[in-house]
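These notes concern the structure reproduced below.
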Amino acid sequence: MTDRYFYQPGQGHGLPHNPFNAIIGPRPIGWISSRSKAGILNLAPYSFFNAFNYTPPIIGFSSVGYKDSVANIEATGEFAWNLATRPLADAMNQSCAAVAPEVDEFQLAGLTPEGSRLIGVPRVKETPVSFECRLSQLIRLTGADGQQTDSWLVLGEVVGVHIDRRLLKDGVYQTHAAEPILRAGGPASYYGISAGQHFQMYRPD
């Protein structure tokens, strides 16, 4: 018989570190750039992030707390997603510092804001991939009991995609070549993706 550890989240996990984030992982990073109504730029990484729809393409991230990113996106209806890569890991980490709303994280992390084509929010010039997005839904999450949480789910339609051409081989995007980093368990754990981990498996007919 398998020896399983069981806990009820509402009563605590009883472990040195909450395993929930580690189990749902590694997770892609929502490196989100936004701009306030006053024009102040914001750049912040969110590990509760993923894609949710093909047509139209919709991505989303959840913010624990009504942070600057959420406030900016609610006010302007726009944001950009920027791929966090191994070469940009330190800069990404710098951009998550808890600073005042008037601080520009692009400057803090030594990154270059690059103008987008369809939205008024700049992208990270140094990243090989970025999405231009328009807000589709902003949802305050609730528990099963209907009680509101202190988390907001931001969903946005991807209206523009920028890809470094070196990542396209015969028209197919090469995930490993971009060197994406992924959030994992523990307070400081990340993972990368390499070509050696690649395998193919087609869906059954």
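The values are calculated or read from the model by the stated rules, or taken from the named source; none is laboratory data. Please read all numbers here as calculations on a predicted model, not as lab measurements. Neighbour counts run over all protein chains shown; Cβ positions are idealised from the backbone, glycine included.
Let's see how each residue does on (1) small (Gly, Ala, Ser); (2) surrounded by 11 or more Cβ atoms within 10 Å (Cβ to Cβ):
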| residue | (1), (2) |
| --- | --- |
| Gln107 | no, yes |
| Leu111 | no, yes |
| Val121 | no, yes |
| Ser136 | yes, yes |
| Gly146 | yes, no |
| His176 | no, yes |
| Ser194 | yes, no |
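Given Ala44, Ala38, Ala22, which one is part of a strand (DSSP E or B) and aliphatic (A, V, I, L, M)?
Only one candidate passes the filter, namely Ala44.
Name every residue in segment 154-177 that is under 30 Å from Leu141 (Cβ atoms) and of a type in the set (Gly, Ala, Ser), in order of residue number.
Correct list: Gly156, Gly160.
Of the residues Ala38, Ala51, which single one is among the small types (Gly, Ala, Ser), surrounded by 12 or more Cβ atoms within 10 Å (Cβ to Cβ) and free of Cβ contacts under 8 Å to residues at least 40 places away in the same chain? Reasoning before the result, please.
Working: Ala38 fails: surrounded by 12 or more Cβ atoms within 10 Å (Cβ to Cβ).
From the options Ala38, Ala51, the qualifying one is Ala51.
Of all residues being of a type outside the set (Ser, Thr, Tyr) and surrounded by fewer than 16 Cβ atoms within 10 Å (Cβ to Cβ) in segment 54-65, which is nearest to the chain's Cα centre (by Cα)? Just the residue, please.
Going residue by residue through segment 54-65, those that are of a type outside the set (Ser, Thr, Tyr) are 56-61, 64-65.
This time we only want the ones that are surrounded by fewer than 16 Cβ atoms within 10 Å (Cβ to Cβ), so: 56-57, 64-65.
Values: Pro56: 18, Pro57: 15, Val64: 13, Gly65: 15 Å.
Top of the filtered list is Val64.
So which residues in segment 78-87 are crowded, with 19+ Cβ neighbours inside 10 Å and not polar (S, T, N, Q), if there are any at all? Walk me through it before giving the result.
Going residue by residue through segment 78-87, those that are crowded, with 19+ Cβ neighbours inside 10 Å are 78-85.
Across segment 78-87, the qualifying residues are Glu78, Phe79, Ala80, Trp81, Leu83, Ala84.
Please work out if Arg166 is basic (Lys, Arg), closer than 29 Å to Gln197 by Cα and surrounded by 12 or more Cβ atoms within 10 Å (Cβ to Cβ).
Working: basic (Lys, Arg): yes; closer than 29 Å to Gln197 by Cα: yes; surrounded by 12 or more Cβ atoms within 10 Å (Cβ to Cβ): no.
It is false that Arg166 is basic (Lys, Arg), closer than 29 Å to Gln197 by Cα and surrounded by 12 or more Cβ atoms within 10 Å (Cβ to Cβ).
Every residue in segment 88-104 that is surrounded by 13 or more Cβ atoms within 10 Å (Cβ to Cβ) and modelled with pLDDT of 95 or more, please.
Applying the first criterion (surrounded by 13 or more Cβ atoms within 10 Å (Cβ to Cβ)) to segment 88-104 yields 88-89, 91-96, 99, 103-104.
Once the filter is applied, which keeps residues that are surrounded by 13 or more Cβ atoms within 10 Å (Cβ to Cβ) and modelled with pLDDT of 95 or more, segment 88-104 yields Leu88, Ala89, Ala91, Met92, Asn93, Gln94, Ser95.
Quick one: is Gly186 at pLDDT 95 or above and among the small types (Gly, Ala, Ser)?
Details: at pLDDT 95 or above: no; among the small types (Gly, Ala, Ser): yes.
Judged against the criteria, Gly186 is not a match.
Which residues, taken from segment 134-186, are basic (Lys, Arg), outside any strand (DSSP E or B) and touching a residue at least 24 places away in the same chain (Cβ under 8 Å)? Steps first, please.
The first filter runs over segment 134-186 and keeps only residues basic (Lys, Arg), leaving 134, 140, 165-166, 169, 183.
Cutting the leftovers down to outside any strand (DSSP E or B) gives us 165-166.
Arg166, the sole residue that qualifies.
Filter segment 66-77 for residues that are crowded, with 17+ Cβ neighbours inside 10 Å and either in contact (Cβ under 8 Å) with a residue 60 or more places away in the chain or under 19 Å from Arg183 (Cα atoms) (or both) and give the result.
Across segment 66-77, the qualifying residues are Ser69, Val70, Ile73.
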